[in-house]
Amino acid sequence: MLSIVTFTLGTVMTNSYLVADPETKEATVIDPADKGRMIVNEAEKRGWHIGNIWLTHAHFDHIAGAGGVADHLNPAPPVALHPEDYPLWRMQGGAMLFGMRIDPGPEPTVDLKHGMSLRLGNNQFEVRHAPGHTRGHVIFYCAADKVAFCGDVIFQGSIGRTDLPGGDYDTLIQSIQEQILTLPDETRLLSGHGPETTVGQERRYNPFLVGLDGEAGNHHF
Ligand SMILES: [Zn+2]
Ligand SMILES: [Zn+2]
């Protein structure tokens, strides 16, 4: 069972998630967007220990708080990222394209790979590679809790943009079909921007996806 605290932070209202196993008190930060110190304070208030930073992808608005999280923890937690997003990470997640500079924090040392399993206390997450928004985008899926942290792959009623370097529309649609729409309808989708949704809701109502997988959609009735 997971406890999840959501923060909406930074210049483009990015969702950051502080996720913990309340029994073991182990916590991870998914996409620290900004205000690292505040995220660390929230964990301390709850008696949780942040042991990891997991990045869905390396865009600046998802990593700009990693330095602040690391600065306020001793030892600094290892940062996990898919290697295909390392070049983007080294360019500060494209911050310069938007006229910004960020502190991306400690260099990622945990290479995320498709199918790999991540542990948080007594919980298991599956890493699913879902390129298209960026080359190395991943989602973190916890089957037992029926929740997926899906970054900028899919949003309520929308999908990630594909016009930035490394983006590709057809690849993104394929990733959504293979990595999101294959999950059970009741799976909660916690996105990088906007409100939470579910796989079933997006399967039926997301205008980018309607008609893509009629067979699979009917399968559940
Ligand atoms: Zn992004
Ligand atoms: Zn984003």
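The values are calculated or read from the model by the stated rules, or taken from the named source; none is laboratory data. All values derive from a computational prediction rather than experimental measurement. Glycine also receives a Cβ, built like all others from the backbone with ideal geometry; neighbour counts cover every protein chain displayed. What goes into the accessible areas is simple: the full protein's heavy atoms, side chains included, and nothing from ligands, DNA or RNA. Shrake-Rupley method; radii C 1.70, N 1.55, O 1.52, S 1.80 Å.
At-a-glance table
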{"read-out": "Rounded percent of accessible protein surface that carbon and sulfur make up, segment 95-221, 1.4 Å probe", "value": "51 percent"}
{"read-out": "Spatial separation of Cα centroids for segment 59-134 and segment 1-44, in angstrom", "value": "14 Å"}
{"read-out": "Heavy-atom accessible area ranking, 1.4 Å probe, most first, across Thr24, Thr134", "value": "Thr24, Thr134"}
{"read-out": "Taking N as its residue count, the alpha carbon Rg of the chain over 2.2 N^0.38 Å", "value": "0.96"}
{"read-out": "Contour excess over end-to-end distance, with Cα ends at Thr109 and Asn122 and 0.36 nm allotted per residue", "value": "2.4 nm"}
{"read-out": "Helix axis angle, 36-45 relative to the chain longest principal axis, alpha carbon, degrees", "value": "90 degrees"}
{"read-out": "Lysine pairs in the chain with Cα atoms under 24 Å, if 8 or more residues apart or on separate chains", "value": "5"}
{"read-out": "Probe 1.4 Å - accessible area at Glu44, Å² to nearest ten", "value": "110 Å²"}
{"read-out": "Trypsin sites (Lys or Arg not before Pro) within segment 110-208, DSSP loop, no more than 16 other Cβ atoms inside 10 Å", "value": "Lys113, Lys146, Arg161"}
{"read-out": "Rounded accessible area per residue of the chain, 1.4 Å, Å²", "value": "44 Å²"}
{"read-out": "Which of Thr14, Thr171 is most accessible, then next, and so on - probe 1.4 Å", "value": "Thr171, Thr14"}
